[in-house]
Each structure stands twice: as structure tokens, then as C-alpha cells.
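Colleague: Take this structure first; my questions come after.
Nothing in this text is a laboratory measurement; each read-out follows from the coordinates by a stated rule. The shown structure was predicted, so the numbers you read here are calculated from the model rather than taken from an experiment. All Cβ positions, even for glycine, are placed from backbone atoms using ideal geometry, and neighbour counts span all protein chains on display.
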């Protein structure tokens, strides 16, 4: 869930921008133009996937796929998510300019963590690969929810219970995202396994 | 300044004002000053917005998070009770916090929607580059925008193909597996496509320099527009500081 404008305190907004600037700097420094095209195309996939609504019980939820982006891009997930979230703010008014920093950090930081924790699992065969992909999808969404909840809780003590509700609401999304990423990775492993051998 | 005049304004000026307004209005603490900010934003939108109906529709959509705040904060924030319905106690502090968020969020969004309504992404990319945003980020912005349409088109084709084979979305493993396969195929095609794009760029002599052909010229009226907007925002910040410090 994107945090809207006007919710967070100036301190949290400034911290969000500082952390995102550091992550984006690292991401851009490690990415040459050949990888930048892949980064742009995967940022487009993230944007389109966020419009895909998957049925869950009586309602439906939209996919996040920040973990998958982190898996393929590493630190470049920061600039990719920064741009994708800027485009979402421009086209759909999700988030905004002032909260772009914190919203990017919430999504990109867990994605980069998942890249380093689970990328080696994906090069292996069978259950390990599926488990790695599931954890990558689920942990990245859980991390994003935790970061968003922390940002809310630090902004004002009145948001603490809202932050808790937000966390609980993300539990089913976390499991669904884990399943979808596991199924995606399983498809990629069958049809283009070389994409899963990360060298970065 | 009408919508036509807004269209003719330098996009750098529009982005500076949108960013400045977002940051300044986010800093407001007082409800009265936030309300004044929203009133000024509404007047600005009345004068400049090209299409009021579409603006309001977008504004409503953007208020989903504000709705979440209204549904959770007033009865969970500790404070002085002002309304008790059964076991639920609504606190004065919670209602004021939700009200403040609503005022600030809508003020910022109104300004942002009005300023960027006529702005194309290419213009925005040029303006950001002229505002010293890293070239690689501008490259990423323009390429991501370009390929969103291509990938959305590909996704639609996959959806149509699945629908023609009788696929229906429901909460089942079959649905998740089908969506996972379709997304997996989209990722494979996207990465393969990105390699082809880069090879095509190299064949056309791409060497890392990214030229934008749109020329931007700041005129006197753009400078006056930015200065007056920042003056109003500074007045709002000063008023907020005064009201908060003096507890008016």
C-alpha cells in the first residue's frame, strides 16, 4: 500500500528521501547502459503487474512483485522502483512527490535484501528453488509492509494501531505473492533456466 | 492563469511548484492553515484545471489511503472521548489527526493534478534533466514509460489467449498457476526484448550519451509564477509556525 501525501512528518519524509537517494546512487553506479535497458523493461513489468488483480477469497488483490524485481536487479531495484512509483503517482495518483522517497525505500530495501538472501537458492534445483522463490515473494511483501508500518508509527503515535492493522492486512497478500513468485520462477526455470543464474 | 496558460508554462516551473507545494504542505501542523492551503489549492484548480470532472474523479481515487486513516485512526488513537458508540470510543485527537491528513493530502493532490494535467512524460523527462536529475534516471523514466505500453499490450494478448481457452479467474490453484505462467512468460519475453533493444541501440551508434531534442525556455512569466507560488507557500509555513507556537 502506498502512503498518501500529507500523512507523514517532515522528518520521516526527509529520512525516506535520504535512504532512497543512497540506494539509487548505488543502484545507478552498479548499472551500465546495457543493464539499464533491462532495468527499464522490468520496471515496466512491475508497473503492469501492479494492475493485475488476483482473486483472493471474496475480493481481489493486486500483485506487488518487488521481490522478483530485486531478485533480477539487485541494487538497481532502487532506481527501477523509484521510476515505477513516480509513474504510478503521475498516472494513478498513488502516493505522490513528497512521499516518493519513503514509498520507494519501503519497496526497494526488502527487495534488495531478498536478492542477497535468496538468489543462491534459485540456481539450485527442485524444492530449494521453489522455497527460495516463495520466500523471496513473501518476505519482500512482508518487509514492505513492516517498513510502511514503521514509517507510519514514527510519523505520529496516533498511527500505531493503523500500522498494526496494515501489517495484519498484508498477511494473505504475502502468502499469495509468495505462491505467484514461486510459480513464475518455476515457469522460468523450465523455459529459460539461464535467467536464474545470477552472477552479480 | 488559465489551462492554456498552464500548457504554455515551462514544465520545470510546474515541477518545481508541484514539488515545493508537496513538501511545504506536508510540513503543516495547524488545521486552520491546512484548511487555508486546501482553499488556495481549490481556487488554483478552479482557475487552471482543464477538466474539473476528471480532476475530481482522480482525486476521489487518490483518497483511498485517507479513507483507511478515517476508518482506523479516530477510534484507535488515545485521547479525549467525544463520541461513544457501544464499545467504540472516538477521540478528539484522532478525529483532528484524520482531518489534518485529509486537508493536506487533498491540497497537495489538487495542486499536483492541476500542474501535471497537461504535461507529457517526454516534457517531464526533459524538465527533470534540465533540473539536474541524473541522466541515467531520465533514461530509465523515458524507457520505462515507452515499454509500459508494449508490455501491457503483450499482457492483454496473453489474457485474451487464456480467455479463448475458457480460463476464468477464481480463487483456485489453477488460476494462480495460470497467472504465474503468464507472468513468467512476460518476464522471459521482457528480458529477451531488452537485450534486443540494447543491440538495436548499439547498431544505431548509441555510446551512452542521451540527447533530448525538446528545448525548454524559461520566460519572465515563468519566473514570476514560481516566485509568487513559493511566496504563498512561505507565507503558509510562517502562518503555521505562528499558529503552532502561539497555540492560537
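Colleague: Where the centroid of each part is defined by its Cα atoms, how far is the range B:152-175 from the range A:29-55 in Å?
Modeller: What the calculation gives is 21 Å, centre to centre.
Colleague: Taking each residue of A:45-53 in turn, how many C-beta atoms of other protein chains fall within 10 Å of its C-beta, and what is the average?
Modeller: 6
Colleague: From largest to smallest, what semi-axes in whole angstrom does the range B:132-203 give when each is the square root of 5 times an eigenvalue of its alpha carbon gyration tensor?
Modeller: Gyration-tensor ellipsoid for the range B:132-203: 32, 14, 11 Å.
Colleague: Next question. Per-residue mean of other chain beta-carbon atoms within 10 angstrom of the beta-carbon, peptide A:180-193?
Modeller: That works out to 5 on average.
Colleague: Here's a follow-up. What do you get for the angle between helix A:160-191 and the principal long axis of chain A? Use alpha-carbon atoms, 0 to 90 degrees, nearest ten.
Modeller: Rounded to the nearest ten degrees, it is 20.
Colleague: While we're here: Assuming 0.36 nm per residue, please report the length gained on full extension of the stretch residue B:171 to residue B:83 beyond their Cα-Cα distance.
Modeller: That works out to 27.7 nm of additional length.
Colleague: Once the Cα atoms of helix B:11-26 and of chain B are each reduced to a long axis, what angle between those two axes, in degrees from 0 to 90 to the nearest 10, is obtained?
Modeller: 50
Colleague: For the range A:102-162, what is the convex hull (Cα atoms) projected area averaged across all directions, in square nanometres? Don't skip to the end; give the middle numbers.
Modeller: Details: hull surface 17.4 nm².
Mean shadow area of the hull around the Cα atoms is 4.4 nm².
Colleague: Let me know the shape class of the range A:10-196, please: from the alpha-carbon gyration tensor, a ≥ b ≥ c as square roots of the eigenvalues, rounded when a/c is under 1.5, otherwise prolate if a/b is greater than b/c, or oblate.
Modeller: Details: a/c = 1.71, a/b = 1.24, b/c = 1.38.
Oblate.
Colleague: Same structure again: Dimensions of the range A:153-200 along principal axes (Cα, Å, largest first)?
Modeller: 49, 26, 7
Colleague: Once the convex hull of the alpha carbons of the range B:198-240 is built, what does its volume come to per residue, in cubic angstrom?
Modeller: 123
Colleague: Quick one: Cα convex hull volume of the range B:1-67, Å³ per residue?
Modeller: 102
Colleague: Could you work out the Kirkwood radius for the range A:6-94, taking every pair of different alpha carbons, averaging 1/r and inverting it, reported in Å?
Modeller: So the Kirkwood estimate lands at 14.3 Å.
Colleague: Please compute the Kirkwood hydrodynamic radius over chain B, one decimal place, Å, based on all pairs of different Cα atoms. Could you put the intermediate results ahead of the total?
Modeller: Values: mean 1/r = 0.0450 Å⁻¹.
Result for chain B stands at 22.2 Å.
Colleague: Compute the long axis of helix B:121-130 from its Cα atoms, compare it with the longest principal axis of the Cα atoms of chain B, and write down the angle in degrees, 0 to 90, nearest 10.
Modeller: So the helix axis and the longest Cα principal axis differ by about 70 degrees.
Colleague: Continuing with this model, one more query. Is the C-alpha gyration tensor of the range A:13-58 telling us rounded, prolate or oblate? Criteria: a/c under 1.5 is rounded; beyond that, a/b larger than b/c is prolate, otherwise oblate.
Modeller: Because a/c hits 1.5 or more and a/b fails to exceed b/c, the range A:13-58 counts as oblate.
Colleague: Using Cα centres only, tell me the gap between the range B:60-88 and the range A:123-164 in whole Å.
Modeller: When both Cα centres are located, 25 Å separates them.
Colleague: Could you give P(r) for the range B:47-118, binned at 10 Å from zero, as whole percent values over all Cα-Cα pairs?
Modeller: 19, 38, 23, 15, 4
Colleague: On to the next question. For a quick protection proxy, order the peptides A:33-44, B:115-126 by their average other-Cβ count within 10 Å, most packed first.
Modeller: Ranking the peptides A:33-44, B:115-126 by packing returns A:33-44, B:115-126.
Colleague: Summarise the partner chain shielding of A:107-120 as one whole number: the mean count of Cβ atoms from other chains within 10 Å of each residue's Cβ.
Modeller: Details: counts 0, 0, 0, 0, 0, 0, 0, 0, 0, 0, 0, 0, 0, 0.
If you average over the peptide's residues, the count of other-chain Cβ atoms is 0.
Colleague: Put a dot 7 Å past each Cα toward the Cβ at residue B:161 and residue B:204; how far apart are the dots in nm?
Modeller: Once both label points are built, they end up 2.7 nm from each other.
Colleague: Okay, next question. Enumerate the whole-percent occupancy of each 10 Å bin, from 0 to the last occupied one, for all C-alpha pair distances of the protein assembly as shown.
Modeller: Reading upward from the zero bin: 4, 20, 29, 26, 15, 5, 1, 0.
Colleague: To continue, here is another question. Put a dot 7 Å past each Cα toward the Cβ at residue B:224 and residue B:243; how far apart are the dots in nm?
Modeller: Label at residue B:243, label at residue B:224, 3.0 nm between them.
Colleague: What number, in percent, do you get for the relative contact order of chain A if the mean sequence gap of Cα pairs under 8 Å and at least 6 apart is divided by its residue count?
Modeller: Relative contact order of chain A: 24 percent.
Colleague: Starting from the Kirkwood radius over alpha-carbon pairs of the range B:76-132, derive D by Stokes-Einstein at 4 °C in a medium of 1.567 mPa s and give it in µm² s⁻¹.
Modeller: Details: Rh = 14.6 Å.
Estimated via Stokes-Einstein, D reaches 88 µm²/s.
Colleague: Could you work out how far apart the two model spin labels at residue B:192 and residue A:25 are, taking each label as a point 7 Å from the Cα in the direction of the beta carbon, and quote it in nm?
Modeller: 4.0
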